[in-house]
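One structure below.
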Amino acid sequence: MAVHLEQALAKLKTTGVRMTPQRHAILAFLLDSMTHPTADDIYKSLESKFPNMSVATVYNNLKVFIESGLVRELTYGDSSSRFDADMTDHYHAVCEGCGKISDFEYPPLHDIENTAAGQTGFRVSGYRLEVYGVCPDCIGITKH
Ligand code: ZN
Ligand code: MN
C-alpha cells in the first residue's frame, strides 16, 4: 500500500517537527523509492539539489522521521542501514547476491504480537521477519 506524501506531512505536523526543504525532499524521495535506500543513496540522489547537504544531515533528518514514526530503519549488522517509509505491515526478502530488498505481505502473521504477548506476558513493541535468498535478477545471471 502506497503511503502518500500529504499524509506523512500531516503526521509530521502533529509531532511538531519543523519542515525544511531538505526534509521535504528526503521524505518525498523515500516515499517514492521502493528500493529501501541507504542514507548514502539518498544523499547521492539529492546532493545536486542541495549542495550544502551532507550525508550526516541526511542521517540526522532520517532519525527525526524515525522518532516521528514515519520511517523505519532496517539494520544489517555492520553494513549501513536501509530506510523504509512504508510503515504498513509488511516483510522483506533480502537478496544475498545484490542486496536488493523486496516487500511482501503475509497477513496470517499479523497476530504474532498478540500471540507472543499472551504466551510470554511481554508488552511487545515489535518484531522483525526477513527471508533471505536470491532475487529474480540474480537468478537470471547465474543461469547463464
Ligand atoms: Zn539480487
Ligand atoms: Mn519495505
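The numbers here are math on the coordinates, done by the rules we state, and not lab data. A quick note: this is a predicted structure, and the numbers were derived from the prediction, not measured. So basically every Cβ, Gly included, is an ideal-geometry build from the backbone, and we count neighbours across all protein chains shown.
Sorted from longest to shortest, the spans of the Cα atoms of the stretch 1-91 along the three principal axes equal 30, 28, 20 Å.
When the pairs LYS11/LYS100; LYS44/LYS100; LYS13/LYS100 are compared against a 25 Å limit on Cα-Cα distance, LYS11/LYS100; LYS13/LYS100 fall above it. The ranking of GLU130, GLU113 by Cβ neighbour count inside 10 Å, starting from the fewest, reads GLU130, GLU113.
When the Cα positions of TYR132, THR20, LEU30 are compared along the charge dipole of the chain, THR20 comes out farthest toward the positive end, with charges on each C-beta of Lys, Arg, Asp and Glu. This model, with +1 at the C-beta of Lys and Arg and -1 at the C-beta of Asp and Glu, gives the chain a dipole about its Cα centre of some 480 debye.
Using the Cβ-Cβ distance between ILE112 and LYS49 with R0 set to 35 Å, the FRET efficiency from 1/(1 + (r/R0)^6) comes to roughly 0.30. Absence of a disulfide-compatible partner, taken as no other cysteine beta carbon within less than 4.7 angstrom, is noted in the chain for CYS98, CYS138.
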